[in-house]
Amino acid sequence: MNSVLADTIAAIATAPGAGGIGVVRVSGAACQDIAKHILGACPAPRHAAYLAFRDTDANLIDRGIAIYYVAPHSYTGEDVLELQAHGSTALMQLLLARCLELGARQAEPGEFTRRAYLNDKIDLAQAEAVADVISAATVEAVRSAVRSLSGEFSQRINALLNQLINLRMYIEACLDFPEEEIDFITQGKVAEKLESITQELQSVFSSAKQGNLLSEGMHVVLVGQPNVGKSSLMNQLAGEEIAIVTPIAGTTRDTIKSEIQINGVPLHIVDTAGLRDSADEIEQQGMVRTWRALEKANVALLLVDTSHGITESEKSILARLPAVLPKIWVHNKIDLSQESAKVAELAGETHIYLSAKSGAGLDLLRGHLLKIAGWQPAGEGSYMARTRHLLALKKVEHNLLAAKHLLNQPELVAEELRLAQESLATITGEFTPDDLLGEIFSKFCIGK
């Protein structure tokens, strides 16, 4: 056994702060001994026992529920002890300190789940889904994360892996034991099988991309001259008064952020300082932060006052934006110009006419933001996926495409399939460097 896994770890498993119930979780070989010292005896496995929790001098800490799980039938695959007491912060600290006093050490972030992964209770994609379930901000995100946690995403990845492995085994076997006058690439329908694997990969990628969108969301930056209605639009999208709105140009001098959701998709909205020449040092700093926000954006909303339309100032702002950044022209204040809310496509650019004051045309904007994000309403089959999963799937797609172009060189086809297999296996953790594991689990909360 790994020396780290030989340790017994303990942590408070419930969220910080007071609550009706708090849980201290212990995992490792010392669980029975810790239970005997705190409870007087180790409870029967998998049975809830109402017992007194006592300190080193046999003084009562609290009374609560104790549950003992015997390895390998536990979350971590090790002996696990859970102590459920009243959720006082001080009481939880007392109970944790007692466990540490008896030989456990403080668990690191995500260490319980990491042990579950290392003990083959779950694969890496499922382990990551644990954190995604906890952090999910929308109902759709929760459902997507639960699908990944239950193993649906892993099952599709493993099915792809099996197809890759079988095809690779066939090609390598034919290379090792060639038979004269036989075109084993054609006879084995290698091209057809590559195409079938590619189509399934694209289906998995589509579902994973939807889940990634639910997890990561989309960063939307509002940009434009002062007093074109950026703060009003921010408030309309957020559904509350987040930004100060006044007729005075330059009211917003710093970036203001808000998280909203549209049809369950998280959007990170950033209201920025108006872009104009100014001698005001604070306003200048605000504009610097505006450009920094745009560097991280997934889409920019270029606000225009319909009373003057797109002027040279707007065109100079457009010229400074990253060329690859999706952009939407938002013509605001149609309530004053008496125009109708609409979407127009002009010279390959999208123009949306709305009123941030009355809300007219806001649904048109919301719908177009979802379209840019690539959200599909029928995303019920999505899996919560990380950016690293999408990158791995893209690598596999690249390898399969290369293999299709190398069918007259079977040795190179076999190599591309080997690379594809390794990339795909990093998703479930079959081939995963230790430094990547450390990065993944360090982002978990302590006690999970």
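Would you please state which residues of the range 149-167 a label at GLU430 would reach in this model, taking the label point 7 Å out along Cα→Cβ and a backbone N cut-off of under 13 Å?
Flagged as within label range: 154-167.
Direction-averaged shadow area of the convex hull around the Cα atoms of the range 13-53, nm²?
Working: hull surface 14.4 nm².
Taking a quarter of the hull surface, the average projection is 3.6 nm².
Positive end of the charge dipole of the range 370-420 (Lys, Arg +1 and Asp, Glu -1 on Cβ, about the Cα centre): tell me which of ALA420, PRO410, LEU390 has its Cα farthest that way.
In the range 370-420, that residue is LEU390.
Could you compute how fast the range 105-188 diffuses translationally, taking Rh as the Kirkwood radius over C-alpha pairs and applying Stokes-Einstein at 4 °C with viscosity 1.567 mPa s? Give it in µm² per second.
Working: Rh = 16.0 Å.
Diffusion coefficient, whole number: 81 µm²/s.
Please figure out what share of the DSSP beta bridges in the chain is antiparallel and state it in percent, rounded to the nearest 5.
Values: 34 of 57 bridges.
Roughly 60 percent of the beta bridges in the chain run antiparallel, per DSSP.
Place +1 on the Cβ of every Lys and Arg and -1 on the Cβ of every Asp and Glu in the chain, take the dipole about the Cα centre, and give the residue among SER207, PRO45, ILE269 whose Cα lies farthest towards its positive end.
Working it through, the farthest residue towards the positive pole turns out to be ILE269.
Separation between the SER196 and ALA323 pseudo-spin-labels, each 7 Å from Cα along Cα→Cβ, expressed in nm?
Here the modelled spin labels are 4.3 nm apart.
If each DSSP helix of 4+ residues adds -39,500 (n - 2.57) and the sum is divided by the residues in the chain, what number results at 222 nm, nearest 500 deg cm²/dmol?
On the way: 17 runs with 207 residues, N = 448.
The helix contribution divided over the chain gives -14500 deg cm²/dmol.
Taking each pair of distinct Cα atoms in the range 1-120 once, what is the resulting Kirkwood hydrodynamic radius in Å?
Values: mean 1/r = 0.0710 Å⁻¹.
Final number for the Kirkwood radius of the range 1-120 is 14.1 Å.
Sequence neighbours fewer than 8 away in the same chain don't count; with that in mind, list the lysines whose C-alpha is under 19 Å from LYS404.
Once the sequence-local lysines are set aside, what remains near LYS404 is LYS189, LYS193, LYS394, LYS395.
Apply the Karplus parameterisation 6.51 cos²θ - 1.76 cosθ + 1.60, with θ equal to phi minus 60°, to every residue of the range 19-30 and state each ³J(HN,Hα) to the nearest whole Hz, in sequence, with x for glycine and proline.
The phi angles translate into x, x, 9, x, 10, 10, 10, 10, 9, x, 5, 8 Hz.
Dipole magnitude of the chain about its Cα centre, charges +1 at Lys/Arg Cβ and -1 at Asp/Glu Cβ only, in debye to the nearest 20? Could you put the intermediate results ahead of the total?
Working: 40 positive and 55 negative charges, 246 e Å.
Around 1180 debye, computed over the chain.
The list (1) 5, 22, 31, 24, 12, 5, 1, 0; (2) 4, 17, 19, 18, 18, 15, 8, 2, 0; (3) 5, 24, 34, 25, 10, 2, 0 gives values of P(r) over Cα pairs in 10 Å bins from 0, in percent, and only one came from this structure; which label was calculated from it?
(2)
Where nothing but the Cβ of Lys and Arg (+1) and of Asp and Glu (-1) is charged, how large is the charge dipole of the range 321-448 around its Cα centre, in debye to the nearest 20? Provide the component values of the computation, followed by the final result.
Values: 14 positive and 15 negative charges, 105 e Å.
Using only the charged Cβ atoms, the result is roughly 500 debye.
Could you pull out every residue, at least 5 positions away or on a different chain, whose amide H is within less than 5 Å of the one on GLY447? Hs are placed 1.01 Å off N in the peptide plane, and Pro or chain starts have none.
So GLY447 has HN proximity to GLY110, GLU111, PHE112.
What list of ³J(HN,Hα) couplings, whole Hz, do you get for the range 257-266 from phi and the Karplus terms 6.51, -1.76, 1.60, once you set θ to phi - 60° and write x for glycine and proline?
Those phi angles translate into 10, 8, 10, 10, 9, 10, 6, x, 8, x Hz.
What residues qualify as long-range amide H neighbours of ALA13, i.e. H under 5 Å apart, gap of 5 or more or another chain, H built at 1.01 Å from N?
So ALA13 has HN proximity to VAL23, VAL24, ARG25.
Can you list residues from other chains, or at least 5 along the same chain, whose modelled amide H is less than 5 Å from the amide H of THR350?
TRP329
With +1 assigned to the C-beta of every Lys and Arg and -1 to the C-beta of every Asp and Glu, and no other charges, what is the dipole magnitude of the range 92-170 about the Cα centre in debye, to the nearest 20? Before the final figure, lay out each step's value.
Working: 9 positive and 9 negative charges, 31 e Å.
With Lys and Arg at +1 and Asp and Glu at -1, about 140 debye.
Which lysines, on any chain, are close to LYS327 with Cα under 17 Å apart, when same-chain ones fewer than 8 places away are left out?
Those lysines meeting the cut-off are LYS230, LYS296, LYS315, LYS342, LYS371.
Which whole-Hz couplings ³J(HN,Hα) result when phi for each residue of the range 140-147 is put into the Karplus expression 6.51 cos²θ - 1.76 cosθ + 1.60, θ = phi - 60°, listed in order with x for Gly and Pro?
4, 5, 4, 4, 5, 5, 5, 4
Quick note: the coordinates plus some simple rules give every number you see, no bench work behind them. Keep in mind that this is a model prediction, so the values were computed, not measured. Glycine also receives a Cβ, built like all others from the backbone with ideal geometry; neighbour counts cover every protein chain displayed.
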